[in-house]
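Here is the structure we will look at, set down as structure tokens.
The values are calculated or read from the model by the stated rules, or taken from the named source; none is laboratory data. Keep in mind that this is a model prediction, so the values were computed, not measured. Backbone-built Cβ (ideal geometry, glycine too); neighbour counts: all protein chains shown.
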Amino acid sequence: IQDLHSITPNRFVEIGGSIINELSYQLAYSYSWSVGGPYIAESGYMFNCASVWCMSIITSVNNIPTPNLDEFINVMKTLSDGARVPIKYYHLSNVNNEYTSIICVDRHWHKFKIAVRDDTTGLWNYEEMPPPSSIHTYKPETAQIQTLDESLQPAGKIWPSLVIVNFCLPYNVNGLRNGQNTQFYGAGMIVSTEPPLIVCDRYTVPISVGDIFITFANSIIIPGKLVYLNPLYNYAIITYDKTLLGDTPVKAIELSEKELTQGDSVYLVGICGDYTPIVKKTTVKRISNVYISKCYPLRWRAVNFEDIELDDYVESIGGVLCDNDGNVQGLWLTYSSQDSNYKDITHKCGFSISLVKPTLKSFKIDEVPKLHSLDVEFWTIQISKAKDYGLSDEWVRKVESMPNTKNNMLTVLSILDSTSPSGKLLEVGDIILTINGNMVTKVFDLPTAFHYSEEVDVLILRDGKEMNIKVATTPHYGKETTKIIGWSGAIIQEPYEAALEHVKNVPTGVYVSFRSDGSPSLKLSQGVWITEIQGRKVSDLDSFLEAIYAHEKEIKEKPEENNDGYVRIKTVNNTNVTKVVTMKLDPHYWGIWQLVEDKEAKTGWKFIES
């Protein structure tokens, strides 16, 4: 006879967003296995990034055996923040197979806490572990870059410039879900060594909240830091500490001045996931507009760009398009979207390097890139259809006389932000005749038309009539989300671009980006705006916090008005339907925390627990 309490967990560990407890009698019985051992109940951020999933039993960390939860805790206490250490484990579904992986210890995004059950109150009381003794430091290393055979040229000229970029997502923000995909990886191209800059696609580095690691020469892994996210195009720019590479002979790619056109011969030089090169001589099949479908949950998508399609290509995680001398004419990037069943899909296509050059130029002269845009999505319309909308014969002749127009014009397909000046003045269906007096007939012409202007003069055809409007452009500085708040299991943030795109009349308030399972926030709908808390108006994140703290203060001063812990919340959805819900707060388990952008912090973010 044995006391069931002795084989039933009465504590658990939270670390790196993961939950670990001793393997319980109930689970062990279900799998005909012995009780005990650190069991991953929730893999969370840290273990998801290492592909160590739920229902795994950890047998060692950093080459130290972990037969029970106490040993696991002791080992984790000794590890510095950011340390990369080996882990051994097996899964309950197959206890005969042991696996190994590398985890990156997370003590900066999440707290390290132990929860112990109090049988007198029924609560699990938390004890926060001391901060890590140190932050992991990287030492300079030198690696040799593989010399490619002459038969693979011009890949040999590009190879010292190709790296692999890994991005790990700690929180569900901006429509991304770390439960579906915590780790993203793809190719990076070194575009400058002074300052050190790498360009990659936004499939690889989708947002600013996360850890970035860069692999050089398949030998050296060092952290990276995001410096720029392009709001329209599918590229991000990251930097790194070049002193950590020692004398590793990396170099920047050489940029070509020639634009690729249909029928051009070109080399695709890419990199595979196992860090092997691929090279393929091919032909530009066509250059055309691409529509990236909207996703759910709502997340960023590229707009107003032309892709470069190739006759044939070989699979890779990314690379460049170059000429015979290795001069880069385009980037080979991965685009993310969803199919009709909302299943994530990806495809690859080329992207002109000329659209990246202005950003690089700004960084090289130590300036923050400043891009202006019109917050609308453009698409092409044939002049045969434009005539049906009232296009005059004079404009038809002008379009036909211009080279490379394909007898197309630009029209407004959708409004990306109805609160911006361009979103208020331009309308869906407007046909663009000129911008600042210049005819613009394809999206490739848009950067020179308004990306560097604070105001533009747009001549449009609307409802069969020509009209001239002056439109202020929207400035972008390469940063999107700068602050997020966790409250009662919900992630609250300012509405991001993909959320604004789906709303015609944007509510005043803050946006519910995510709700945690089992939390009080399940009373809220995902993707709504919170406009009031307990009758207090909410306009932004600061007023949201003020409303929460004011309610907490009110309850402390007048506990009789606690309403049994319930709070009244007014929300508005994307079709402007108002709903009032009551949510019972549970501050013991679901408190308030903030992530605030901090340039001095290791990750660029500071975690604040209220």
Any residue at all in segment 68-80 that is within 30 Å of the chain's Cα centre (by Cα) and buried (at least 17 other Cβ atoms within 10 Å of the Cβ)?
yes
Which strands (runs of 3 or more DSSP E) sit wholly inside segment 78-145 and have at least 3 residues that are under 22 Å from L27 (Cα atoms)?
84-91, 94-104, 113-117
Tell me, which strands (runs of 3 or more DSSP E) wholly within segment 395-477 include 3 or more residues that are within 23 Å of R286 (Cβ to Cβ)?
408-415
Matching residues, segment 503-531, being surrounded by 15 or more Cβ atoms within 10 Å (Cβ to Cβ) and in contact with a Gly (Cβ under 8 Å, 6 or more places away or on another chain):
Y511, V512, S513, R515, S516, S519, P520, S521, L522, W529, I530, T531
Of L232, L226, L197, the only residue that is in a loop (DSSP other than H, G, I, E, B), crowded, with 20+ Cβ neighbours inside 10 Å and either in contact (Cβ under 8 Å) with a residue 40 or more places away in the chain or outside the structural domain of P160 (by TED's automatic domain parsing) (or both) is L232
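Listed here are the residues, each with its yes/no results for (1) assigned to a helix (DSSP H, G or I); (2) in contact (Cβ under 8 Å) with a residue 60 or more places away in the chain; (3) on the phi < 0 side of the Ramachandran plot; (4) not assigned by TED's automatic domain parsing to the domain that holds E427.
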| residue | (1), (2), (3), (4) |
| --- | --- |
| P495 | no, no, yes, yes |
| G518 | no, no, no, yes |
| K556 | yes, no, yes, yes |
| R568 | no, no, yes, yes |
| V580 | no, no, yes, yes |
Just checking: which of the strands (runs of 3 or more DSSP E) contained wholly in segment 280-378 hold 2 or more residues that are more than 23 Å from Y496 (Cβ to Cβ)?
306-310, 319-322, 327-338, 344-352
Return the total of residues in segment 535-558 being modelled with pLDDT under 95 and of a type in the set (G, A, S).
2
Just for segment 173-226: of the residues that are β-branched (V, I, T), under 26 Å from Y496 (Cα atoms) and in contact with a Pro (Cβ under 9 Å, 6 or more places away or on another chain), which one is modelled with the highest pLDDT?
I212
Going residue by residue through segment 524-533, is there one that turns out to be in contact with a His (Cβ under 7 Å, 6 or more places away or on another chain), at pLDDT 95 or above and not assigned by TED's automatic domain parsing to the domain that holds P421?
yes
Working only within segment 141-162, note down all residues that are within 30 Å of V105 (Cβ to Cβ) and out of contact with any Ser or Thr (no Cβ under 6 Å at 6 or more places or on another chain).
E141, Q144, I145, L162
